[in-house]
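Only one structure is covered here, and it is reproduced in the block below.
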Amino acid sequence: MFDTTIREFADRSAEPHVVGFLHLPGTSNDDGLILTHGAGGNAQAPLLRALADNFAGAGYTVLRCNLPFRQLRPFGPPAPGDATRDRAGLRNAVTALRNAGSLRLFLAGHSYGGRQSSMLCAEETELVSGLLLLSYPLHPPRRPGQQRIQHLPDLRTPTLFVHGTRDPFGTIEELKGAIKMIPAKTGLLTIEGAGHDLGFKGKAKKESLPDQILSEFTNFTAY
């Protein structure tokens with residue numbers, strides 16, 4: 001692990017703006033990771049902060065950012081009309097990190113942030129080198145018939161899923177079925193006993209989780 005520096009980041013050269021925190025490694029591995037939050041959270045979520053620290057410590061330049069809907073409203077979920085703008089914000093974040101000099105770029109997101117990242121990559125297949133989807137929201141809780149899988153057959157970006165065995169947004173078996181629809185390299189890291197927060201909340205949170213995810217993702221994306 002290397003020494004890292006964290007600083008506030010804002011790129012207002014394009015609309016929507018990119019606003020968040022930049023984790024700079026002491027020694028770079030030339031890879032960049034854009035990390036975004038779920039529908040009820042923001043860039044300060046404890047899991048995102050821990051992951052950003054771990055990835056930066058391993059040499060990644062990490063941009064941990066607020067999606068455009070969260071920049072407009074400090075609380076509450078995104079509105080149905082926010083998704084297109086949120087994907088545009090992710091695209092701008094990719095551009096901002098590419099301009100910072102990263103050679104390989106990856107998109108990572110928890111729940112809603114991961115879903116929008118995957119939808120963007122289904123639209124723009126060459127945008128990034130890989131996806132890290134944390135607790136992908138396969139369907140609303142207790143509504144397994146409302147599956148959010150329409151874009152998956154168009155997703156040609158290598159994708160690693162991280163999912164808890166007690167996630168109400170989709171079972172492991174349901175997720176495995178959805179993953180089969182993706183015509184690209186895929187992987188699944190299962191977190192035993194974890195819910196939608198991946199067990200990274202409260203007194204019993206899985207402190208080893210960021211290390212697990214970093215190790216799995218590094219192996220998954222190895223040249």
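Taken together, the values in this text are just the output of simple stated rules run on the coordinates, not laboratory data. Fair warning: this is a prediction, and the values are worked out from it, not measured in the lab. All Cβ positions, even for glycine, are placed from backbone atoms using ideal geometry, and neighbour counts span all protein chains on display.
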**Study point:** Difference of contour (0.36 nm per residue) and Cα-Cα distance, ALA79 to GLN146
**Key:** 22.4 nm
Study note, to complete from the structure: Expressed in angstrom, Rg and Dmax over the Cα atoms of the chain are 16.0, 47
Point to revise | Whole-Hz couplings from phi, Karplus 6.51/-1.76/1.60, listed for the range 36-44; x for Gly and Pro | key: 10, 9, x, 5, x, x, 8, 5, 8
Study note, to complete from the structure: Ranked from fewest to most other Cβ atoms within 10 Å of their own Cβ, CYS65, CYS121 fall in the order CYS121, CYS65
Review point. Could you give me the ³J(HN,Hα) list for the range 127-139, computed from phi with Karplus coefficients 6.51, -1.76, 1.60 and θ = phi - 60°, whole Hz, x at Gly and Pro?
Key: 5, 9, 8, x, 10, 10, 10, 9, 6, 4, x, 4, 7
Check your understanding: Based on Cβ point charges of +1 for Lys and Arg and -1 for Asp and Glu, what charge dipole magnitude is obtained for the chain about its Cα centre, in debye rounded to the nearest 20?
Key -> 540
Check your understanding: Counting only Cα, what are the radius of gyration and maximum Cα-Cα distance Dmax of the range 46-162, in Å?
Key -> 14.2, 44
Exercise for review: Give me the percent of DSSP beta bridges within the range 4-220 that run antiparallel, rounded to the nearest 5.
Suggested key: 35
Review point. Can you give the extra length, in nm with one decimal, that the chain gains between ARG166 and GLU216 once fully stretched, where that is 0.36 nm per residue apart less the Cα-Cα distance?
Key: 16.0 nm
Revision key, fill the gap. Amide H contacts under 5 Å for LEU33, restricted to residues at least 5 apart in sequence or on another chain and with H modeled in the peptide plane, are THR61, VAL62, LEU63, PHE106
Practice item. Using per-residue counts of other Cβ atoms within 10 Å, averaged over each peptide, order 10-17, 31-38 from highest down. Key: 31-38, 10-17
Study note, to complete from the structure: For the range 157-223, shape from the Cα gyration tensor axes a ≥ b ≥ c, cut at a/c of 1.5 then a/b versus b/c, turns out oblate
**Study point:** Length released on extending from GLU15 to ALA88, taking residue separation times 0.36 nm less the Cα-Cα span
**Key:** 25.5 nm
**Study point:** Fewest-first sequence of PHE21, PHE220 by Cβ atoms within 10 Å of each Cβ
**Key:** PHE220, PHE21
Exercise for review: Counting only C-alpha contacts under 8 Å and six or more residues apart, can you give the relative contact order of the chain as a whole percent?
Suggested key: 16
Point to revise | Residues of the range 83-99 with amide N under 15 Å of the 7 Å Cα→Cβ point at SER129 | key: 97-99
